[in-house]
Amino acid sequence: MKIEVIDKPIDNIKAECEIILVVNKELNHKWIKDKDKFKKLGFKSEEDETLFLPEVDRVYSACSSFEPDDIRVAVSNALKCIKKSSYKSAKMGLYTKKCPPINARALSEGIELSNYSFDKYKSKKDKIHLKTIKISTEDYNGNSYNLNSTKKAISEGIIIAEATNRAKDIVNTTPYDMTPTKLAEYAKNLAKKLKNVECFIGDEKFLKKEKMGAFLAVAKASVNKPRLIKLSYKPKDAKKRFVFVGKGLTYDSGGLSLKPSDYMVTMKSDKSGASAALHIIKAASELNLPFEVHAIIGAAENMIGGNAYKPDDVLVARNGKTIEVRNTDAEGRLVLADCLDFAQELKPDYLVDLATLTGACVVALGEYTTGIMGHSSELKHSISSAAKKSGELTGMLPFNKYLKKLLKSSIADISNIASSRYGGAITAGLFLDNFIKDEYKDKWLHLDIAGPAFVEKEWGYNQAGASGAGVRMCLYWLKDFAYKINNVHKEVK
Ligand code: BES
Ligand code: ZN
Ligand code: ZN
């Protein structure tokens with residue numbers, strides 16, 4: 001979609017159709033020209049309600065408040081209404097009251113995120129006529145918002161949404177088409193297109209040399225060999241170093257602790273953390289963020305076979321700890337254990353892992369919410385506040401010393417599953433904690449995205465399938481840091 005910013009009042013802009021958000025049920029706003037028809041047609045501006053008036057080429061969409069995420073949802077609902085129309089262009093005003101650019105950014109995010117469709121495997125692709133959305137600099141109060149600030153906010157929103165959409169593409173791609181080596185190739189090509197980004201790929205030989213015994217065990221039974229992918233964005237004079245570690249299980253069959261068929265479907269989404277980390281790098285480079293940002297991805301397939309790792313095996317992780325395998329379906333934590341240990345050698349100021357780690361997290365928080373875990377309450381709050389601005393939902397799950405004890409093993413240093421199934425998202429987080437060195441404890445965040453990464457029905461502006469979970473919250477988080485550090489990137493309120 002082309003999003004044009006036009007420095008003219010909305011009424012002076014030519015387009016085939018107009019989109020009007022009815023904010024807070026304020027029916028007397030001057031952009032609302034068909035109030036008289038609302039009653040007759042039963043439009044009450046309740047949540048998610050829309051009204052399309054083809055005779056005047058206008059679409060109205062209820063918007064609960066000026067909160068950025070209500071704007072994203074409302075614009076997305078409006079676009080769904082005219083999806084099948086032949087309109088090639090539409091126009092709308094700016095839903096910002098004072099002047100924070102966050103709502104302009106939210107507008108372009110709402111447009112781009114809702115415009116996504118994944119039709120790679122469809123022989124007949126839907127034709128969308130709408131090509132251009134013209135956004136007036138006229139704001140909700142009738143003032144003209146600064147053209148350059150509007151353009152900047154809109155283009156940042158496009159970068160963030162585009163990174164999210166490309167993350168969805170990778171997750172939605174089949175396990176046949178997106179093996180660990182294909183993911184590595186994708187990362188290499190991505191690096192070539194980006195400024196200040198380098199890519200390193202480690203093969204099985206490299207993993208052996210690095211003594212990544214836990215990672216290697218998970219990958220053993222598959223004919224599709226594992227890869228460690230490292231993508232690094234290094235601008236000049238970087239102020240901080242962020243490392244994102246992504247779980248990249250291109251397929252999770254459960255291994256010998258095989259998943260039941262109904263639970264295996266959708267497990268192509270077990271590479272969502274990896275895909276998020278890769279696309280955080282893409283946007284970090286495009287936004288010219290003043291930090292080093294690295295992605296470390298453990299890409300593997302968890303399969304069955306004569307060579308598979310087994311419940312009862314004892315593995316030696318990269319940090320030297322021994323792990324008793326009691327369930328081969330708890331494989332993500334094994335891959336992450338070695339990748340997190342490797343990541344700490346980069347001496348990060350902040351270390352974040354993103355993983356579709358546990359079904360228990362989905363039970364705890366529901367499908368739409370990411371679980372935030374870690375030791376530093378300041379860090380947890382900072383990501384939660386950034387997530388809120390980005391429109392992603394999060395909930396904090398607290399560690400405690402009693403749950404930690406449930407990971408004890410009688411034969412090894414630690415077991416890969418807890419002795420109780422209660423608190424499974426937290427015990428998985430606590431397993432990872434065993435691989436975080438003392439000096440990094442307060443710099444580490446664990447994000448369990450098992451719920452929102454892949455939902456089989458549409459929600460808000462997200463389509464059925466992959467949502468790109470983690471991308472937007474981490475980018476908003478990085479932008480908050482950028483503002484705090486040098487005031488170059490304005491804080492998004
Ligand atoms: N990839 C799954 C977790 C998952 C579940 C992601 C549902 C997305 C949706 C993970 O590898 C897994 O299988 N975890 C087990 C852990 C258990 C064996 C302790 C689980 O959640 O059942
Ligand atoms: Zn699993
Ligand atoms: Zn998994």
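The values are calculated or read from the model by the stated rules, or taken from the named source; none is laboratory data. Since the structure is predicted, the reported quantities are computational estimates derived from the model, not experimental observations. Ideal geometry is used to build each Cβ from the backbone, glycine not excepted, and the neighbour counts take in all protein chains shown. When the accessible area is computed, the model is the full protein with side chains, heavy atoms only, and any ligands, DNA or RNA have been set aside. Shrake-Rupley method; radii C 1.70, N 1.55, O 1.52, S 1.80 Å.
Across segment 22-29, coupling constants 3J(HN,Hα) worked out from phi with the 6.51/-1.76/1.60 Karplus curve, θ = phi - 60°, read 9, 7, 6, 6, 7, 7, 8, 5 Hz, and Gly and Pro carry x. Using only alpha-carbon positions, what ratio does the radius of gyration of segment 368-493 give when scaled by 2.2 N^0.38 Å? Scaled against compact globular proteins, the figure is 1.21. Distance between Cα centroids, segment 72-102 to segment 259-318: provide it in whole Å. Their Cα centres are 35 Å away from one another. Note on Trp459: accessible area approximately 50 square angstrom, rounded to 10, probe 1.4 Å, nucleic acids and ligands left out.
Positive-end ranking of Thr179, Val197, Gly460 along the dipole of segment 178-489, with charges on Cβ about the Cα centre, is headed by Val197. Summing Cβ point charges (Lys, Arg +1; Asp, Glu -1) relative to the Cα centre of segment 178-489 gives a dipole of roughly 660 debye.
How much FRET efficiency would the formula 1/(1 + (r/R0)^6) give for Ser144 and Thr174, where r is the Cβ-Cβ distance and R0 is 60 Å, rounded to 0.05?
Details: r = 48 Å, r/R0 = 0.81.
According to the calculation, E is roughly 0.80.
Remark: segment 175-183, residue by residue, has Karplus-estimated 3J(HN,Hα) of x, 5, 8, 10, 7, x, 5, 5, 5 Hz, where x stands for each Gly or Pro and the curve is 6.51 cos²θ - 1.76 cosθ + 1.60 at θ = phi - 60°.
Using alpha-carbon positions, what is the distance between the centroids of segment 202-217 and segment 378-449, in Å? Segment 202-217 and segment 378-449 have Cα centres spaced 24 Å from each other. Taken over segment 1-88, the convex hull of the Cα atoms encloses 112 Å³ per residue. Under 5 Å from the amide H of Leu289 lies no amide H of any residue 5 or more positions distant or on a separate chain, with H modelled from the backbone and absent for Pro and chain starts. Which translational diffusion coefficient, to the nearest whole µm²/s, is obtained for segment 162-224 from the Stokes-Einstein equation, given a Kirkwood hydrodynamic radius over C-alpha pairs, 25 °C and 0.890 mPa s? It comes out at roughly 181 µm²/s. In degrees, nearest 10, range 0 to 90: what is the angle between the Cα axis of helix 272-286 and the longest Cα principal axis of the chain? Tilt relative to the chain: about 60 degrees. Straight-line reach from Lys405: taking Cα to Cα under 20 Å and skipping same-chain neighbours fewer than 8 places apart, the lysines in range are Lys321, Lys437, Lys441. Simple spin-label estimate for Thr132 and Asp11 gives 2.3 nm between the two label positions (7 Å along the Cα-to-Cβ direction from each Cα).
For Lys388 and His29, a Förster radius of 22 Å and the Cβ-Cβ distance give a FRET efficiency of 0.25, rounded to the nearest 0.05. Listed by chain and number, the lysines placed with their C-alpha closer than 16 angstrom to that of Lys131 are Lys2, Lys14, Lys80, Lys83, Lys84, Lys88, Lys91; residues fewer than eight positions away on the same chain are left out. Here the chain is treated as a Stokes sphere of Kirkwood radius computed over C-alpha pairs; at 4 °C and 1.567 mPa s its diffusion coefficient rounds to 55 µm²/s. Compared with the dominant principal axis of the Cα atoms in the chain, helix 68-81 is inclined by about 70°.
Within straight-line reach of Lys380, meaning a Cα separation under 12 Å, sit the following aspartates and glutamates at least 8 residues removed in sequence or on another chain: Asp442.
Quote to one decimal, in nm, the extra length available between Lys405 and Val363 on full extension: 0.36 nm per residue of separation minus the C-alpha distance between them.
Working: separation 42, 0.36 × 42 = 15.12 nm, distance 2.19 nm.
Additional length available on full extension: 12.9 nm.
Viscosity 0.692 mPa s, temperature 37 °C: give me the Stokes-Einstein translational D for segment 262-371 in µm²/s, with Rh taken as the Kirkwood radius over C-alpha pairs. Reported coefficient: 204 µm²/s. Computed from the C-beta positions of Asp438 and Lys310, the FRET efficiency with R₀ = 41 Å rounds to 0.80. Computed from label points 7 Å out along Cα-Cβ, the spacing between Glu378 and Lys259 is 3.9 nm. Entry note, the chain: the mean residue ellipticity at 222 nm calculated from DSSP H runs of n ≥ 4, each adding -39500 (n - 2.57), is -10500 deg cm²/dmol after division by the residues and rounding to the nearest 500.
Each residue of segment 446-453 was assigned a 3J(HN,Hα) from its phi angle through the Karplus expression (A = 6.51, B = -1.76, C = 1.60, θ = phi - 60°), giving 10, 10, 8, 9, 4, x, x, 4 Hz with x at Gly and Pro. Listed cross-link partners Lys259/Lys388; Lys97/Lys347; Lys125/Lys220; Lys8/Lys35; Lys268/Lys401 are compared with a 32 Å cut-off, the Cα-Cα value being larger for Lys259/Lys388; Lys97/Lys347; Lys125/Lys220; Lys268/Lys401. Only Lys, Arg, Asp and Glu carry charge here, each on its Cβ (+1 for the first two, -1 for the last two); on that basis segment 212-368 has a dipole of about 500 debye about its Cα centre. With q set to 0.11, 0.15, 0.17, 0.19 Å⁻¹, the log10 of I(q)/I(0) for segment 2-160, from the Debye formula over equal scatterers at the Cα positions, is -0.40, -0.75, -0.97, -1.22.
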